Structures are given as structure tokens and as C-alpha cells.
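The values are calculated or read from the model by the stated rules, or taken from the named source; none is laboratory data. These numbers come from a predicted model, not from an experiment. Cβ placement follows ideal geometry from the backbone for every residue including glycine, while neighbour counts extend to all protein chains displayed. In case anyone asks, the SASA skips ligands and DNA or RNA and just uses the protein heavy atoms, side chains included. Shrake-Rupley method; radii C 1.70, N 1.55, O 1.52, S 1.80 Å.
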Amino acid sequence: MYENTQTKKLTKALGLRDELVRRASLTGTDPAPEAARLQTLIEQIEVTSQQFDRQVDLYWVLAETRRGLANGNDKAIKPLMDPLWKDIICQFRDGTVANDLLKILCQKIQRLLLPTFPVSRKNPAFPKEVRLYEDSYALLGEYFGWLIDLLQIVHFTPNRIRCTLAELQEQAGQFNTLAGQGRQFAETLREIQLTQLLLHRQLDQAIGAARGRMLIYRREARRVTKLSL
């Protein structure tokens, strides 16, 4: 719906621009300034649309890489929690501070919901949905990083999982790096979208001005016709 509305608006702007240029050509005069304004805005909107599409592609590729680290296979963060917890309870007695803290972090990671990718070319990037998406992945990275740090402090030794603590720490660092990049990508996407919204508002004003100019032309044409009769 959003994409169709913007396409119709651009089509309308193109038609008005062409009509203003055609009328100037018939009368042998320079095109009205409204035509140049429409042309400029149309070109700027096309450029920002291309930027938006490129940014969505970059953002999606990063998001897929991050999703894979979170939940893509049995070595991803969430699937690791079950065998990791089984190792933990074998090494730390229930009720101890270490056991309780590790249990809380494992549960938070297991229960944390990860929303689906929130951006579509057919709809604007809703800020609240993007923020929820990024915050969810940022939390997962924080919880996992804290878990690995705590496991190192208590001298945990992996048994059921085929990863060393050093490898898990590297995985946490890689995930948090992607989380930071994701926030940057989302912010860039939002800035492009704000530019798009501003340009479309300006285009609305320019379309109104062009219609006013066309109305003046039509009135003048009717006046000239009456005088010639």
C-alpha cells in the first residue's frame, strides 16, 4: 500500500512536469519554475529510494549472519544452552551463588524472543519494530557475554559441548560486534527514511504549486479564446 501510494504520487508529479514543459514549448517560453522544482524532487526521491534499497540489502545480510550465530545450528547461542546447562549442574551444586547466577543467565537466553526481520521495501521501516528487533539481539549478546565471563571466573570446563571457553568468548565477541553494526545499519536506514519522508512532503507542496500554475494557464487560455471570438 505504502509503495503504491508513493508510486502514484511520483507518476502524478511526472505528468504535471511534462504538461508544464509541453505548454512552455507550445508558447515558446521557458518552463514554469514549478517544472524545475518537480524535476529536482523527483530525481532526489529516486536517489534516496536506491539508497534505501541498498541499505535494506546490507542490513538483511548482516541480520541473517547474526541470526545464524543466535539460532542457526547446534553450535549457535540458543541451542548451546541445553547441553551447556547440563555441564554446569554437573560441576556446580544447586543453591550455590555460581549455580544460581548461571541458571538465571541460561534461562534468560533460552526464553528471549527474537523478532523476525522488521524491514520491507513495500512498507516504511517502523522505528518501534526496528528498535525492538535490535534491542532483542543486543540483550542476547549481553547475556551470552556475561555468561561466558562468569564461566571463566568460576573455572568452568566444557564437557558436553565441543567448544572451549576461549572459542565461546570469541563467539560472544563476534556476536556483539554484529549487534553494534546492526544498530548502525538500522540508524542509517532510519536517516534515509526521514529524508524520504521530507522529500515526499516537499513533493506534495510542489504538486500543489504546479496544479495552481496549470489552473492559471487554463484561465488565461479561456480568456484569450473569449477575446478572439
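Below are the figures for this structure:
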| quantity | calculated |
| --- | --- |
| Nearest 10 degrees, 0 to 90: helix 2-27 Cα axis against the chain principal axis | 30 degrees |
| Surface share of carbon and sulfur [accessible, 1.4 angstrom probe, percent] for region 95-169 | 56 percent |
| Protection proxy ranking, peptides 69-77, 214-222, average beta carbon neighbours within 10 Å, highest first | 69-77, 214-222 |
| Cα→Cβ-extended label distance, 7 Å offset, between residue 191 and residue 18, nm | 3.6 nm |
| Accessible area per residue, Å², the chain with all protein chains present, probe 1.4 Å | 60 Å² |
| Lysine-lysine proximity count for the chain, Cα under 26 Å, sequence distance 8 or more or distinct chains | 13 |
| Cα→Cβ-extended label distance, 7 Å offset, between residue 114 and residue 167, nm | 1.9 nm |
| 3J(HN,Hα) from dihedral phi, region 144-152, Karplus parametrisation 6.51/-1.76/1.60, rounded to Hz, x for glycine, proline | 5, x, 5, 4, 5, 4, 5, 4, 5 |
| Accessible area (Å², 1.4 Å probe, nearest 10) - residue 61 | 80 Å² |
| Helix-only mean residue ellipticity at 222 nm for the chain, each DSSP H run of n ≥ 4 adding -39500 (n - 2.57), per residue, nearest 500 | -29500 deg cm²/dmol |
